[in-house]
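A.B. asks: The following block contains the structure, expressed as structure tokens.
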Amino acid sequence: MSGPAIHVERLVFAYPDGRQALYGVDFTVERGERVALLGPNGAGKTTLVLHLNGILGSVAGGSGSGRIEIGGTGLHREHLPVIRRKVGLVFQDPDDQLFMPTVRDDVAFGPANLGLRGAELEDRVREALVQVGMQDHADLAPHHLSYGQRRRVAVATVLAMRPEVLVLDEPSSNLDPASRRELSDILTGLDVTLLMITHDLPYALQLCERSLLMDGGRIVADGRTRDLLGDAELMNAHRLELPYGFDPLSVPGPEGR
Amino acid sequence: MSGDGLLVPVDSKVHRIPAQVKIVALFVFVLAVVSTPAAHFWAFALYAVLLAAAIVVAKLPLPVVSRRLAVETPFIVFALLLPFVATGPTFDVLGVQLSQSGVLGAWNVLAKGTLGVIAAILLSATTGPRELLAGLERLRLPSTLVAILSFMVRYLNVVSDDLHRMRIARESRGYVGGRAGHLKAVAGGVGALFVRSFERGERVHLAMQSRGYNGRMPLLGEVGATRAQWIEGLTISLVAVTVAVAARVVGL
Amino acid sequence: MLVAIRSQQAKNVRVHVPDGFFDAPTSIATGLIAAGAVGFSLQRANREIRETGPALAGLTAAFVFAVQMVNFPVGAGTSGHLLGGALAAALVGPWTAVLVMSTVLLVQGLLFADGGLTAIGTNITLMGLVTVLVGYFVTRALLQVLPRRTGSVVPAATVGALVSVPVAALCFTGLYAIGGAVDIPLGKLATAMVGWHILVGIGEAVITAAVLGAVVATRPDLVYAARHLQQDLVLVDADGNTSTVSPDKPIAAKPAGRSLGIGVAVTLIVAGGVSLFASAHPDGLEFVGAKLGFESAAKGSAVAGSPLADYGVSGIGNAQVSGALAGIIGVLVTIALGLAIAKVASLRKAS
């Protein structure tokens, strides 16, 4: 069980409606790394991420080809349960992730599928809710929570499975500044490999030392987040823009800590 | 429409009865009402008293109950037409010929329909959606159906909100064209709503799969109802059944 | 503005059969039919639900629930709302659609006290089973004769929706003949119900066409009834080579056709039998009551005795038979008209 946390090779994929999203993707993420996945809308970021635990792609019966390894385990049909336990996916819209009647039911869904029952299951649920600071809201229905709270519960639903790799799709979108900061505190406190899709470039710089830049269904750049964000030509070519007045060279990043 | 249904969130004896008991009780009660011959007016008065008592015990505000009665409207219209269209002997009221069986039939539909709706309001106002689902699960409803029900209840709000937002967006831009344009705009919105709902359904399934979903949903209701709870919950229904049987016997 | 106010008022009025509208034996019988249909659909849809997940059916149910609250401007200042049976059948397939419609009716009955609890079986049978199966059968039958492309599903399902509503109304009349609480001339009832519901069906058809048109325009691959008409995909790989692959295969689409045909045949036979039975036994209540041993119940109601007896003597009356016939002919004319419209529509699209 050795090897990089994520290894992707020559990945190609088209949706059933004929739209091709991935045109050959290659990259590797080592264990314990925090990597941001940047790119304009429609670059194929979400599609790529959905491949990492075998939800899309040839392993799920879709139209595509290529090779994926998670922690040294090849992504094949017979390994799907193992892979899905190792890779925790937090979806962009927390309403997609929270589908059970209450917060408690929802966080328990994953570990219950792993076979946990009774007190062990309850402990696991409580632990995950404490990690995101939502232990007092366990009996509420998702639609009674604020957006920021739902996002945190969505993270908890995945943490309850104790994943090795945490993959987040635009975790800071639609959050107010305080919720955004609370989430970054939660994420920096976790001891997992992190892959994070984001349009929030300061967030990428704050949390991730390394970034992948994706456009047109391919990885077009791979390097230190600070270097990528500082490369004006590269940024312009792929429709990425820094917030007004933000200078990536003058703010502290994760490498400084 | 809220995903909470008609729930009135107060704490009462009725609220605390397990949902499966309430569902069975409601069903038995309504069945007793429905099988009571229409001409036994006293029996219906007793049913009404029983329901009123239950509403008081459940601490339900009257406006909540009366507002929901509006769902009956189309059938009230139908019932009021019955005296004019039914066959059989007639009698004269202010020069209008009314059918005897029609008048009785109108009463029959109105009385039973109203009692049925009030009984259903009693269930939905004292039972949260999650408890209701757990109750249905305890009553051995197929698990796939419970799962579909549970997703529907969960996403009622989300889909309704989508619909609401789309309507606001449409109305804030103003309608274009005449009636056909209006229809096209509304229907286009609804078409888009289906695509959104469907795609969300796909994403939810992906989210479930990525957390190890293997075709079986975890159980919602772990504990069953005790014998005492069954007896307590079924009291009113058993009284109603007694009334119905008595009505039959007296009717003979 | 006037229209808006009116539609606000009409918002929560949905035509569900309440408790007490039909007698207890009819309610129980339709309850059994509904339970059987849901059980059968669960079995038929099992493979599909395993692949696409119960969430998809749940979301579709939430969609139908929400759409039933939308008031569509139909014309002449009136607005209608969608029942959605035929639309759901075209979008997610007949068996899932039966489950979806049943779920909607269950939630409306249990969570919103809408539609009687003892009448849930009746409501599921009429609105969840008849509209879906009739709608889907007509849709698939028309797809056989229309040009083989995804767009054809729109006129086909339009006719399916148009036909499904009056057929459900005819079934309602049949149920009323068996278990209606009051005797009203069945011929008149059938004519009135079918006549009125042809109008409702036109509204349903127009809305179904518009909604389905919008879905076909954006995500044609989502339309179950047209999945077998999809084109192959062209895939470009990492080296720029292209290859052709077939899209995800429709799941369980084929077996549905045959058992659906059987289902619809059975439905039509039952419906036809009910109609015949209704016209042969104008006093359906008493007849069934006697059969099932509920005679005392029928006699028990104080007024029932004499008028019912009179009714039997005064005879069926030609008006009734001709009325029932008119209802059936009405449905057939509707189907023929619908076929003609679909044909014209497809010709116009092709040219």
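A.B. asks: Cut-off under 15 Å on the C-alpha distance; same-chain residues fewer than 8 positions from C:Lys188 excluded. Which aspartates and glutamates are left, in chain and number order?
C.D. replies: Result set, ordered by chain and number: C:Asp283.
A.B. asks: With a 1.4 Å probe and all protein chains in place, put C:His81, A:His51 in order of accessible area, largest first.
C.D. replies: Working: C:His81 55, A:His51 5 Å².
Output order, biggest surface exposure first: C:His81, A:His51.
A.B. asks: Another question, then. If one computes the Cα centroid of the stretch A:23-85 and of the stretch C:184-199, what distance in Å separates the two points?
C.D. replies: 60 Å
A.B. asks: While we're here: Can you tell me, using C-alpha contacts under 8 Å and at least 6 residues apart, the relative contact order of chain B as a whole percent?
C.D. replies: Working: 229 pairs, mean separation 93.0, N = 252.
Computed value for chain B: 37 percent relative contact order.
A.B. asks: Note down the relative contact order for chain A as a percent, whole number, built from C-alpha pairs under 8 angstrom at least six residues apart.
C.D. replies: Numbers: 480 pairs, mean separation 64.0, N = 257.
Averaging sequence separation for qualifying contacts and normalising by length gives 25 percent for chain A.
A.B. asks: Give me the inter-chain shielding for A:103-111: mean count of other chain Cβ atoms within 10 Å, whole number please.
C.D. replies: Counting other chains' Cβ atoms within 10 Å and averaging over A:103-111 gives 3.
A.B. asks: Identify all aspartates and glutamates with a Cα-Cα distance to B:Lys22 below 20 Å; exclude those on the same chain that are fewer than 8 residues away in sequence.
C.D. replies: Of all the aspartates and glutamates, those that pass the test against B:Lys22 - Cα under 20 Å, at least 8 places apart if same chain - are B:Asp4, B:Asp11, B:Glu131, B:Glu137, B:Glu222, B:Glu232, C:Asp19, C:Asp114.
A.B. asks: Hey, what number do you get for chain B at 222 nm if only DSSP H runs of n ≥ 4 count, each worth -39500 (n - 2.57), divided across all residues, to the nearest 500?
C.D. replies: Details: 10 runs with 182 residues, N = 252.
Helix contribution divided over all residues of chain B: -24500 deg cm²/dmol.
A.B. asks: Per residue of A:148-160, what is the mean number of Cβ atoms on other protein chains within 10 angstrom of that residue's Cβ? Please list the in-between numbers first.
C.D. replies: Values: counts 0, 0, 0, 0, 0, 0, 1, 0, 0, 3, 3, 0, 1.
For peptide A:148-160, the averaged partner shielding equals 1.
A.B. asks: Scan the stretch C:114-163 for trypsin sites (Lys or Arg not before Pro) in coil per DSSP, keeping those whose Cβ has at most 10 other Cβ atoms within 10 Å, and list them by number. Working shown, then result.
C.D. replies: Working: sites: C:Arg140, C:Arg148, C:Arg149; in loops: C:Arg148, C:Arg149.
In loop regions of the stretch C:114-163 (DSSP not H, G, I, E or B), the sparsely surrounded trypsin sites (Lys or Arg not before Pro) are C:Arg148.
A.B. asks: Another question, if that's okay. Nothing charged except the Cβ atoms of Lys and Arg (+1) and of Asp and Glu (-1): what's the magnitude of the dipole of the stretch B:142-210 about its Cα centre? Round to the nearest 20 debye. Please list the in-between numbers first.
C.D. replies: On the way: 10 positive and 5 negative charges, 52 e Å.
Using only the charged Cβ atoms, the result is roughly 260 debye.
A.B. asks: Here's a follow-up. How would you rank C:94-103, A:118-127, highest first, on the average number of other Cβ atoms within 10 Å across their residues?
C.D. replies: Values: C:94-103: 29.7, A:118-127: 15.0.
Those peptides, ordered most packed to least, come out C:94-103, A:118-127.
A.B. asks: If the only charges are +1 at each Lys and Arg Cβ and -1 at each Asp and Glu Cβ, what is the size of the charge dipole of the stretch A:65-156 around the Cα centre, to the nearest 20 debye?
C.D. replies: Using Cβ point charges on Lys, Arg, Asp and Glu, the stretch A:65-156 gives about 320 debye.
A.B. asks: Give the interface area between chains B and C as buried accessible surface, both sides summed, probe 1.4 Å, in Å² to the nearest 100.
C.D. replies: On the way: alone 15830 and 17760 Å², together 26560 Å².
Using a 1.4 Å probe on protein heavy atoms, the buried area is about 7000 Å².
A.B. asks: Moving on. Going from most exposed to least, what order do C:Arg227, A:Arg117 have by accessible area with a 1.4 Å probe? Could the numbers behind the result be given before it?
C.D. replies: Numbers: C:Arg227 45, A:Arg117 150 Å².
From most exposed to least exposed: A:Arg117, C:Arg227.
A.B. asks: Here is a further query. In Å and on Cα atoms, what radius of gyration and Dmax does chain A show?
C.D. replies: Values for chain A (Cα only, Rg and Dmax): 18.1, 56 Å.
A.B. asks: Show me B:117-129, A:234-246 ranked by packing, highest mean number of other Cβ atoms within 10 Å first. Walk me through the numbers before you get to the answer.
C.D. replies: Working: B:117-129: 25.2, A:234-246: 12.6.
Highest-to-lowest ranking by the protection proxy: B:117-129, A:234-246.
A.B. asks: Do the sum for chain A: with -39,500 (n - 2.57) for every DSSP H run of n ≥ 4, divided by all residues, what is the mean residue ellipticity at 222 nm, to the nearest 500 deg cm²/dmol? Write out the running numbers ahead of the final one.
C.D. replies: Working: 10 runs with 87 residues, N = 257.
Calculated from helices alone, the mean residue ellipticity at 222 nm is -9500 deg cm²/dmol.
The values are calculated or read from the model by the stated rules, or taken from the named source; none is laboratory data. In this text, all values refer to a predicted model and were calculated from it rather than measured experimentally. No Cβ is skipped: glycine too gets one built from the backbone with ideal geometry, and neighbour counts run over all protein chains shown. Only protein heavy atoms, including side chains, enter the accessible area calculation; ligands, DNA and RNA are left aside. Shrake-Rupley method; radii C 1.70, N 1.55, O 1.52, S 1.80 Å.
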